[in-house]
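Worksheet: the structure to be examined is printed underneath.
The values are calculated or read from the model by the stated rules, or taken from the named source; none is laboratory data. Being a predicted model, the structure only gives us computed values, none of them experimental. A quick note on method: Cβ atoms are made from the backbone with ideal geometry, for glycine too, and the neighbour counts reach across all protein chains shown. Ligands, DNA and RNA are excluded from the accessible area calculation, which covers all protein heavy atoms including side chains. Shrake-Rupley method; radii C 1.70, N 1.55, O 1.52, S 1.80 Å.
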Amino acid sequence: CAEPCVSPRLLPCLHSLCARCLRRLGPRGEPGPAAHLSVLCPLCDAEVALPPGGLGHLIPDYLARSRGGTAAAGGCDLCAEGAAVRRCRTCGAQLCLFCCQAHRRQKKTASHAVVELENTEDCSQARKPLFCPSHPTEELRLFCEQCDQPVCQDCVADRHRQHPYDFTSNVIHRHGNALRELLKDTQQHMGILEDVLGQIDDMGSAVRSHAEDVAAEICLFASGYVKAIEEHRDRLLKQLEALKVQKENLLHLQKAQLQQLLLDMRTGVEFTEHLLMSGSDLEILITKGVVASRLAKLNSVAYDTHPSVDDGIRFSPQERAGQCCGYEVFGAILNKVVDPARCTLHGEDLQSARQNQLTGFSLLCNDTTGERMRQGGEAVRVTITHKDKKDCAVEPTVCDNGDGTYHISYSPEEPGLYGVCVYVKGQHVQGSPFTLMVKNKFREHRGVFHCCTFCSSGGQKAARCACGGTMPGGYQGCGHGHKGHPGCPHWSCCGQVKESSECLGGPPGSTWQRSLLRTVVL
């Protein structure tokens with residue numbers, strides 16, 4: 001408050017506040033019998049707990065009073081209201097005029113020597129006795145061990161009766177040594193903290209220094225990178241300009257050639273029409289040869305019905321463009337445009353598949369000249385729909401390989417004929433649409449036979465395969481190969497096979513015997 005310090009009290013954070021400042025502090029917490037009130041120290045902003053009695057029970061800061069100098073000498077130590085005009089040499093108290101008279105009238109202090117205040121220096125150097133706050137006339141000379149606080153003789157006889165106590169001069173060494181040990185530990189921590197703070201300051205300086213160095217490196221790198229990008233930009237613009245000029249020149253050349261051809265044809269047509277309309281029969285017959293030769297020659301001239309170049313110029317920012325000024329740069333001009341009509345389909349299982357088996361085929365994208373595209377990113381769409389069951393469709397998976405090829409995989413759940421459409425940029429590719437035949441899944445044969453059961457039985461109609469199938473209705477061919485038998489799919493022989501040919505249903509190496517072959521043929 002920047003005013004004379006009156007009745008200073010010591011907070012648990014060891015900051016001293018006068019009574020006026022303490023009254024301004026609002027206790028924190030809910031009031032109540034068991035409430036723990038606290039205040040915020042205005043000096044360190046720490047929340048400190050108050051004693052059960054509140055602000056009034058905080059320990060008085062006697063050192064602050066002795067440091068007060070003139071301010072401390074200006075007030076009476078007994079009433080704290082009047083101005084001090086005298087000092088008791090015996091007890092060291094500073095007294096106002098009223099308290100000085102009372103000091104002389106009391107029995108215990110009547111013999112004290114009271115003198116006038118001559119100078120503040122003498123006042124501050126004198127070590128004053130401390131009086132009990134509960135008994136202002138009694139000096140604090142004793143120390144209660146149980147309550148751990150100085151007391152007077154009246155306190156020992158009253159509230160501290162039967163408590164162990166001793167004179168302050170006898171216990172000061174023990175308690176002072178304990179404080180010195182704590183002080184020593186605290187000073188060690190202070191030294192460690194000061195070292196850590198020094199290290200933190202040094203680390204902060206190092207961080208700032210390194211940050212400045214890295215910032216310089218970043219600026220150097222960025223300037224170099226910007227220079228590389230600008231150079232790459234200029235190179236791309238030159239490449240684009242050259243490509244544009246090349247395409248324009250080709251278009252101009254094609255245009256000039258076609259214009260000349262058109263002019264020649266127009267001349268021939270006009271001459272011929274005029275000849276046929278205005279010429280006589282003899283004139284037509286005379287000039288027919290040269291006119292026919294000219295028109296035939298004009299009609300035989302080959303010319304392209306489409307522009308010789310396309311407008312396929314695009315920029316791919318993700319394309320790697322190599323090194324420029326020591327930096328890797330991205331971005332390339334792509335003048336190739338995919339042509340769906342030149343894209344082709346490849347794969348062994350392109351038009352056939354098995355039920356519930358994963359299969360697929362590949363799509364190879366080409367440009368308008370038939371050259372393979374070297375990058376992906378095209379809009380590829382594939383539909384696979386059952387021809388008999390319109391609500392039955394297969395959801396294919398299209399994988400972009402990034403090199404102009406795409407792998408389409410699928411797993412049909414229903415057998416039958418499917419229509420497959422493959423689109424690139426919304427247009428059918430070469431060979432699309434096409435028909436896909438999905439066959440029933442393989443059935444595992446559990447029988448053990450030499451060539452086939454029918455052949456091994458000598459051609460008996462009642463022969464039964466190990467899987468349980470029979471051959472009702474007589475022999476119609478054996479069925480594994482091309483004719484198929486309705487009774488058992490494992491009949492795999494045919495009367496037209498030659499001697500020593502392998503059976504489709506038997507184990508590898510099974511061959512026909514001559515006698516069995518005759519039986520089958522018969």
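Below, the figures for the structure above:
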| item | result |
| --- | --- |
| Verdict on residue 260 being more than 60 Å from the chain's Cα centre (by Cα), open to solvent by 80 Å² or more (accessible area, probe 1.4 Å) and closer than 30 Å to residue 241 by Cβ | yes |
| Subset of the stretch 295-325 that is in contact with a helix residue (DSSP H, G or I) (Cβ under 7 Å, 6 or more places away or on another chain) and modelled with pLDDT of 85 or more - its residue that is nearest to residue 378 (Cα to Cα) | 324 |
| Of all residues in the stretch 129-185 being open to solvent by less than 60 Å² (accessible area, probe 1.4 Å) and among the β-branched types (Val, Ile, Thr), the one that is nearest to residue 78 (Cα to Cα) | 151 |
| Members of the stretch 391-434 that are farther than 30 Å from residue 320 by Cα and open to solvent by 60 Å² or more (accessible area, probe 1.4 Å) | 391, 393, 395, 413, 414, 417, 428, 430, 433 |
| Candidates 218, 192, filtered to the one that is among the aliphatic types (A, V, I, L, M), within 30 Å of residue 323 (Cβ to Cβ) and open to solvent by 90 Å² or more (accessible area, probe 1.4 Å) | 218 |
| Breaking point among (1) modelled with pLDDT of 85 or more; (2) under 20 Å from residue 59 (Cα atoms); (3) out of contact with any Leu (no Cβ under 9 Å at 6 or more places or on another chain), for residue 156 | (3) |
| Count of residues meeting criterion [open to solvent by 80 Å² or more (accessible area, probe 1.4 Å) and of a type outside the set (Gly, Ala, Ser)] in the stretch 268-303 | 17 |
| Per-region count, the stretch 308-343, residues open to solvent by less than 90 Å² (accessible area, probe 1.4 Å) and over 40 Å from the mean Cα position of the chain (by Cα) | 4 |
| Test: residue in the stretch 255-262 that is under 21 Å from residue 304 (Cα atoms) and touching a Leu at 6+ places or on another chain (Cβ under 9 Å) | yes |
| Top-ranked residue of the stretch 358-382 - restricted to ones that are part of a loop (DSSP other than H, G, I, E, B) and open to solvent by 80 Å² or more (accessible area, probe 1.4 Å), ranked as nearest to residue 440 (Cα to Cα) | 358 |
| Sole residue being part of a loop (DSSP other than H, G, I, E, B), under 16 Å from residue 360 (Cβ atoms) and not hydrophobic (A, V, I, L, M, F, W, C), chosen from 409, 432 | 432 |
| Residues being modelled with pLDDT of 85 or more and not aliphatic (A, V, I, L, M) - total across the stretch 326-350 | 11 |
